[in-house]
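Quick note: the coordinates plus some simple rules give every number you see, no bench work behind them. Please read all numbers here as calculations on a predicted model, not as lab measurements. Note that we place each Cβ from the backbone using ideal geometry, even for glycine, and neighbour counts take in every protein chain shown.
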Amino acid sequence: MPRCEKCDKSFGSEGALHQHNVSKHPQLLESVKNKNSSKRNTSGARSKRLGKKVKQKIILIGVLAIIAVAVSWVALALSNDQYQDSVGGVGINVGDVAPNILLYLTNGSTVTLDQFAGHKVLLWFITTWCSGCQQGADLLAMRFYSQLRAEGVIVLTVESYNDLGYSGPTINQFAEQYAAGSSTQGWLFATTTQSATYIYNPQAELDIYYLISQNGMIIANGADMISNIQSILSSAS
């Protein structure tokens, strides 16, 4: 049977005990209320603290991600500045300093264009499904690559971002099928970013090239590389 904590009196039900406490011991009920309220407040405060910590972690992760992206862009911008010489500014016209871009080589490494400073570079943007690009790579491998190599030219064949939205062979398959393989010394194959493709191929050409000097300046450019190979060889000599 329920008993009163204060006067040790027994009651027939919890309801009777409650009525007794209301009339005789109201301070006891107030104490119980305060305890329950304190428990709720403690639980609520704990939940708020946990929620605040989770929010702080999410914000910290977001800030770190933004910082990482910003650092990458700053590093690339600084390398572009360092890549310039006194001849002109960065651009894609003859006489401009070639913009620095990221390149994801088929051997798994990631490089930037300015890492080839000190070498002449034939930067050739292609689409792997383009028959002219396939034929151009085949002719370059069979007839002209050795001449470019003799002039100290490194060939960088780069797939325009996402093959300009059409399905074609991978850049590795392109190299194997049309360019005598991707292990040819001095002939590298790569993919690149959307922004790099927009910089060098703003008109979405299927086949566009840039001949870049040892100091990073563009000395020749145009579309349909293989049709201009003699001019390219002349400029490279």
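For segment 196-219, give me the residue count where each residue is surrounded by fewer than 18 Cβ atoms within 10 Å (Cβ to Cβ) and not in a helix (DSSP H, G or I). Let's see the steps before the verdict.
Within segment 196-219, the subset surrounded by fewer than 18 Cβ atoms within 10 Å (Cβ to Cβ) is 198-199, 202-204, 214-215, 219.
Subset that is not in a helix (DSSP H, G or I): 202-204, 214-215, 219.
Final tally of qualifying residues: 6.
Of the residues making up segment 99-113, just one is closer than 17 Å to residue 215 by Cα and surrounded by fewer than 19 Cβ atoms within 10 Å (Cβ to Cβ), namely 112. Go through 147, 177, 194, 203 for me and flag whichever is without any contact (Cβ under 8 Å) to a residue 24 or more places away in the chain and over 17 Å from residue 115 (Cα atoms). Selected residue: 203, the only one of 147, 177, 194, 203 that is without any contact (Cβ under 8 Å) to a residue 24 or more places away in the chain and over 17 Å from residue 115 (Cα atoms). The set of residues in segment 190-223 being more than 12 Å from residue 125 (Cβ to Cβ) and either of a type in the set (Lys, Arg) or in contact with a strand residue (DSSP E or B) (Cβ under 7 Å, 6 or more places away or on another chain) (or both) consists of 193, 211, 212, 213, 214, 216, 217, 218, 219, 220. Does residue 213 fit the bill of being out of contact with any Ser or Thr (no Cβ under 8 Å at 6 or more places or on another chain) and without any contact (Cβ under 8 Å) to a residue 60 or more places away in the chain? No. The residues listed here are 134, 230; of these, the one that is more than 24 Å from residue 114 (Cα to Cα) and touching a Phe, Trp or Tyr at 6+ places or on another chain (Cβ under 6 Å) is 134. Looking at segment 102-156, none of the strands (runs of 3 or more DSSP E) lying wholly inside it contains 2 or more residues that are under 22 Å from residue 234 (Cα atoms) and in contact with a Gly (Cβ under 7 Å, 6 or more places away or on another chain).
One residue stands out in segment 161-192 among those that are of a type in the set (A, V, I, L, M) and surrounded by fewer than 20 Cβ atoms within 10 Å (Cβ to Cβ): the one that is farthest from residue 233 (Cα to Cα), namely 164.
Quick one: how many residues across segment 153-174 are without any contact (Cβ under 8 Å) to a residue 40 or more places away in the chain and among the small types (Gly, Ala, Ser)? Steps first, answer last, please.
Step one: filter segment 153-174 for residues without any contact (Cβ under 8 Å) to a residue 40 or more places away in the chain, giving 154-155, 157, 159, 161-163, 165-167.
Those left that are additionally among the small types (Gly, Ala, Ser): 165, 167.
The qualifying residues number 2.
In segment 130-160, the residue that is farthest from the chain's Cα centre (by Cα) out of those that are more than 18 Å from residue 207 (Cα to Cα) and crowded, with 16+ Cβ neighbours inside 10 Å is 147. Of the numbered criteria (1) assigned to a helix (DSSP H, G or I); (2) closer than 26 Å to residue 89 by Cα, the one residue 177 fails is (2).
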